[in-house]
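The values are calculated or read from the model by the stated rules, or taken from the named source; none is laboratory data. The shown structure was predicted, so the numbers you read here are calculated from the model rather than taken from an experiment. Cβ sites come from the backbone with ideal geometry, for glycine too, and all protein chains shown count toward neighbours.
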Amino acid sequence: MSNVLTQLADELASGSVRVIDLTQPLGPETPVIGLPPQFAPSPGVTFDEISRYDDHGPAWYWNTLTMGEHTGTHFDAPIHWITGRDLPDNACDTIPPSKLIGPACVIDKSRESEADHDYLLTPTCIEQWEAEHGRIPIGAWVLLRSDWNKRVGADSFINADDNGPHSPGPTKEAAELLAHDRKVLGFGTETIGTDAGQAGTFDPPFPNHTIMHGAGKFGLASLCNLDLLPPTGAIVIAAPLKLVGGSGSPLRVLALRLGQE
Ligand code: MN
């Protein structure tokens with residue numbers, strides 16, 4: 001008997017539904033976010049070999065993995081921020097699994113971000129996008145395409161000068177619109193974090209983290225391949241590791257989309 005799931009299986013098998021990988025490779029070269037020197041830094045990725053078909057384990061290869069929770073393509077849980085610390089179901093292990101899948105709304109600001117590395121997404125930009133593509137549905141992932149993943153090398157990706165990093169992100173007002181009026185699942189970016197590079201100087205500092213996580217919403221950072229998604233119609237699957245009390249985790253983010261282009 002045909003139903004939506006058997007149809008999905010058929011269309012995945014035939015290739016008429018495509019799986020797009022929104023995930024960056026994760027390894028020692030993965031850039032990590034820089035914080036002002038008074039704050040503790042987050043370590044990048046280290047692989048320490050346990051055995052590799054040798055005296056330590058003759059038939060098996062495995063590593064010990066060390067990194068901060070917020071490394072590479074990763075998920076931000078509400079408990080990550082002080083505004084979300086007392087919310088129910090706010091950590092990686094307690095978020096209901098139904099919230100780990102949702103429709104994607106992709107807002108393409110790649111040209112704007114190239115022209116202005118401190119480009120800020122505003123409510124007006126979001127409303128202009130909605131005038132063309134329809135209202136952002138409740139429970140959507142809103143993904144800001146900046147093509148930042150196409151920048152070569154960690155220095156270009158972080159893009160810092162004497163005033164700190166420069167990369168695009170949302171304004172406080174945009175985060176408020178998405179969190180409170182559109183009731184999104186969360187906000188995702190191709191940059192190293194979900195706030196703009198200069199957001200530490202904003203009022204409040206890091207407004208997207210402050211507002212989204214205070215409203216129980218999630219974040220996705222260091223995504224890639226948003227240029228392969230349509231503005232609407234794709235489905236994002238973003239399930240962090242079930243870390244007990246975890247504030248976030250690296251994850252494999254997949255999107256399902258129709259068609260060849
Ligand atoms: Mn994070």
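Please enumerate the residues belonging to the stretch 174-227 that are of a type in the set (Phe, Trp, Tyr) and either under 23 Å from PRO36 (Cα atoms) or away from the ligand (no atom under 11 Å from the Cβ) (or both).
Filtering the stretch 174-227 down to residues of a type in the set (Phe, Trp, Tyr) leaves 187, 202, 206, 218.
PHE187, PHE202, PHE206, listed by residue number.
Report the residue count in the stretch 88-109 for those that are among the hydrophobic types (A, V, I, L, M, F, W, C) and on the phi > 0 side of the Ramachandran plot. It would help to see each step written out before you state the result.
Taking the stretch 88-109 first, the residues among the hydrophobic types (A, V, I, L, M, F, W, C) are 91-92, 95, 100-101, 104-107.
Next cut, on the phi > 0 side of the Ramachandran plot only: none.
Residues flagged as among the hydrophobic types (A, V, I, L, M, F, W, C) and on the phi > 0 side of the Ramachandran plot within the stretch 88-109 amount to 0.
Out of THR122, THR73, THR64, THR83, which single residue is free of Cβ contacts under 8 Å to residues at least 40 places away in the same chain and hydroxyl-bearing (Ser, Thr, Tyr)?
On inspection, the qualifying residue turns out to be THR64.
Where in the stretch 1-91 are there strands (runs of 3 or more DSSP E), lying fully within it, with 1 or more residues that are loosely packed, with under 14 Cβ neighbours inside 10 Å and modelled with pLDDT of 95 or more?
17-21, 46-54, 57-66
For residues that are surrounded by fewer than 22 Cβ atoms within 10 Å (Cβ to Cβ) and more than 30 Å from ASN163 (Cβ to Cβ), tally how many sit in the stretch 103-125.
1
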